[in-house]
Amino acid sequence: MATVLSVSGSPSASSRTNRLLRHLDQRLTAQGHDVVPLDVRTIPAEALLGADFRHPAIVEATELFASADGVVVGTPVYKASYSGVLKALLDLLPQYALTGKTVLPLATGGSIAHVLAIDYALRPVLNSMGAAHIVQGWFTLDKDITAHDDGSITVAPAAAEALTQVLDHFSLALGRTPLLAAAS
């Protein structure tokens, strides 16, 4: 069983990005992975913005990255790039924090004009951090994610199918056989 760190780079607890990641975590868990969620927004701002490498929350986040076999990194796209809160965390991790890890980059946004943010903004940073294998990522339009009052989401069928494929490819890269049924 692989340990997967599922990192939400959204500054909002109720964001579509955060909800989508937690939805996808369920599929990874069903595939036999031990999924550890990390919501970057819960790390104290003074630790992130003050670059306090010794702050207990930064030390804990660094340890979570070190102990993971794979990392899912999800971010909303702002101004054609990943979120500032995610950047603040990545800046505080050791230079090669992703060495030997399989990484799945995911992004959400309001327009297909931001679809290349994964390949031109996020992927180079993940690569520079030593990721062993960055699998094909996926950009999901906000309009394809419907949030419900109970915290759950519904993903539009075409987006759900694409997410199932990239998630299953990630799972295979971690050495697990994916489920045959599509994620809901």
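The values are calculated or read from the model by the stated rules, or taken from the named source; none is laboratory data. It should be emphasised that the depicted structure is a prediction, and the values quoted were computed from it without experimental measurement. In this analysis, Cβ positions are derived from the backbone assuming ideal geometry, glycine residues included, and neighbour counts consider all displayed protein chains. Heads up: the accessible areas ignore ligands, DNA and RNA and are worked out on the full protein's heavy atoms, side chains in. Shrake-Rupley method; radii C 1.70, N 1.55, O 1.52, S 1.80 Å.
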Residue-wise, which Karplus ³J(HN,Hα) couplings in Hz belong to the range 41-47, taking 6.51 cos²θ - 1.76 cosθ + 1.60, θ = phi - 60°, and x for glycine or proline? 4, 7, 6, x, 4, 5, 6
Taking H as built 1.01 Å from N, whose amide H comes closer than 5 Å to the amide H of Thr140, not counting residues under 5 places away? Ala107, Thr108, Gly109
For the range 56-138, what's the radius of gyration and Dmax over Cα atoms, in angstrom? 12.4, 38
Can you put Ser8, Ser81 in order of accessible area, largest first, using a 1.4 Å probe? Ser81, Ser8
Enter the accessible area per residue of the chain (Å², integer; probe 1.4 Å; all protein chains in place). 47
Computed for the chain: size of charge dipole around the Cα centre, +1 on C-beta of each Lys and Arg, -1 on C-beta of each Asp and Glu, debye to nearest 20, value 280
Roll a 1.4 angstrom probe over the protein heavy atoms and tell me the percent of accessible area of the chain that is carbon or sulfur. 57
Show the residues, 5+ positions off or on another chain, whose built amide H is closer than 5 Å to the amide H of Val36. Val4, Leu5, Ser6
What is the distance in Å between the Cα centres of the range 1-35 and the range 84-162? 11
Please list, or write none, the aspartates and glutamates whose alpha carbon is within less than 19 Å of the alpha carbon of Lys143, excluding same-chain residues fewer than 8 places away. Glu161
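Whole number please: convex hull volume per residue of the Cα set in the chain, in Å³?
Values: hull volume 19.1 nm³, N = 184.
Here the figure is 104 Å³ per residue.
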Taking only the alpha carbons of the range 11-105, the radius of gyration and the largest Cα-Cα distance, Dmax, both in angstrom, are 13.3, 38
Spelling out what I want: for every residue of the range 84-97, take phi, set θ = phi - 60°, compute 6.51 cos²θ - 1.76 cosθ + 1.60 (Karplus), and round to whole Hz; glycine and proline get x. x, 5, 5, 4, 4, 5, 4, 5, 8, 7, x, 3, 10, 5
